[in-house]
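Every number in this text was worked out from the coordinates using simple rules, so none of it is lab data. Bear in mind the structure is a predicted one, so any value in this text is a computation, not a measurement. Note: ideal-geometry Cβ built from the backbone for every residue, glycine included; neighbour counts use all protein chains shown.
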Amino acid sequence: MKREVTRFLIGLALLAPAWAMATGPEWVSPRLREHPLAGVIVNAQGENVPESELLSALASARFAFIGEKHDNPDHHQIELRLIKHRLASQAGSAVVFEMLDDAQRPALGSLAATDTLEQIQQKLTWPAKGWDFAVYGPLFQAASTEGKLVAGNVGRKFIGEVYAKGEAALTAEPRFSTVPSATEQTRAHFLERIFEAHCAMAPRETLGPMVAIQLAKDASMASAMADSAPALLIAGGEHVRSDTGVPSHLHSRDPQASRVVIQLVEVTEGETNAKPVVDASGPADFYWFTPATEIRDNCADVKGKAATGAPSRQ
């Protein structure tokens, strides 16, 4: 009898879908792996939902958005699984990346489904500095195998133009046609985030060009998705906020299209209630909690050197 039960359990394990088996705590991020929210998925109301509900929405929506914390390896693992699930459900769907911009766009047509990671890196002439290809290469490869790999972002050269001219630099290209519709609340939100990112040391009145750059990036990614629909976007969490990010630009272009926004968020030490984290992350349809990366105070060194008059390290 015991042997029969063992065989039965082994059989169930073999029949279980890969997703069900992959949801175990094989975490990579170093902090808070045992946090009670790690691995939990909640909806917009902060209520726990099964993974199957998220997957169903991802499979059926015309436009899907996944927001990440760029340095969290668990986010990249989940993204790889979600990309594969999306393409299994909507074969040929586009996968748009914030990490691909105007510089890589001309080379994307040369990629083949059989390309190795080394071949992809070589064809894209991947720069030594910037986005880590070791992290994003596997995502590019998965996207190009069963779908279409698409560049979403603006290039460094164009960012320089926007920094110099502000929103006036955006009038010539149709992909930025949604920028004028950005609300004052959206602009104020970006201004405050950029002010905080500069350690509250740069006068707000000097940050207008950076707000224009943020709007340009979001509009460009929305345009790339609209032009290659159905499409899935991989970008930083700020870019996929429903109220201020790429989804708002895409809504201006195609208000009737179905969409799903998924935020991958780190758990917070001492916080076991999902709702405060959900509120802080901005509006989305699903929030998937993961362990956290190491805490870094990027402003401590800058402010310390500013106080002593010492030059900061670039």
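Structural remarks
- Among Leu87, Leu124, Leu37, residue whose mean-square fluctuation peaks in a GNM of the chain (springs only between Cα atoms under 10 Å): Leu124
- Dimensions of region 197-311 along the principal axes, based on C-alpha atoms and rounded to the nearest Å, stand at 55, 38, 19, largest first.
- Estimated purely from DSSP H runs of n ≥ 4, each contributing -39500 (n - 2.57), the mean residue ellipticity at 222 nm for the chain is -13500 deg cm²/dmol once divided by its residues.
- With the simple spin-label model, which puts each label point 7 Å out from Cα in the Cβ direction, the Thr116 to Leu80 separation comes to 1.7 nm.
- Under-5 Å amide H pairs with Arg62, H placed in peptide plane, nonlocal only: Ser258, Arg259
- Cα gyration tensor of the chain - equivalent ellipsoid semi-axes, whole Å, descending: 34, 25, 20
- Residue with peak Gaussian network fluctuation, the chain [Cα springs, cutoff 10 Å], from Phe97, Phe65, Phe190: Phe190
- Rounded FRET efficiency, nearest 0.05, which uses the C-beta distance separating Lys275 from Ser181 and R0 of 35 Å: 0.70
- Each of Trp288, Trp126 has some number of other Cβ atoms within 10 Å of its Cβ, and from fewest to most they run Trp126, Trp288.
- On full extension, the segment bounded by Ile295 and Asn43 gains 88.1 nm, given 0.36 nm per residue less the C-alpha separation.
- In this structure, the pairs whose alpha-carbon distance is over 18 Å, taken from Lys165/Lys217; Lys129/Lys157; Lys157/Lys217; Lys84/Lys217, are Lys84/Lys217.
- If you wrap region 84-227 in the convex hull of its Cα atoms and look at it from every side, the mean projected area works out to 9.9 nm².
- Positive end of the dipole of the chain (Cβ unit charges, origin at the Cα centre): among Thr272, Thr114, Ala212, the Cα lying farthest that way belongs to Thr114.
- Each peptide in 227-240, 68-81 was scored by the mean count of other Cβ atoms within 10 Å over its residues; highest first, the order is 227-240, 68-81.
- Charged-residue dipole, Cβ positions (Lys, Arg, Asp, Glu), region 107-256 about Cα centre, Debye nearest 20: 260 debye
- Computed from backbone phi with θ = phi - 60° and the Karplus coefficients 6.51, -1.76 and 1.60, the 3J(HN,Hα) list for region 204-211 is 4, 5, 8, 9, x, x, 6, 5 Hz; x is used for glycine and proline.
- Per-residue HN-Hα couplings for region 74-89 [Karplus 6.51, -1.76, 1.60; θ = phi - 60°; Hz; x = Gly/Pro]: 5, 5, 5, 5, 5, 4, 4, 5, 5, 4, 5, 5, 4, 6, 5, 8
- Order of Tyr287, Tyr136, Tyr163 under a 10 Å beta carbon neighbour criterion, fewest first: Tyr163, Tyr136, Tyr287
- For region 85-183, trypsin sites (Lys or Arg not before Pro) are listed when DSSP marks them as loop and at most 15 other Cβ atoms sit within 10 Å of their Cβ; the list is Lys129.
- Two-decimal Rg/Rh across region 133-191, once Rg and the Kirkwood Rh are taken from alpha-carbon atoms: 1.11
- Helix 156-165 and the long axis of the chain differ in direction by around 40°, with both axes built from C-alpha atoms.
- Dipole magnitude of the chain about its Cα centre (Cβ charges: Lys, Arg +1; Asp, Glu -1), debye to nearest 20: 480 debye
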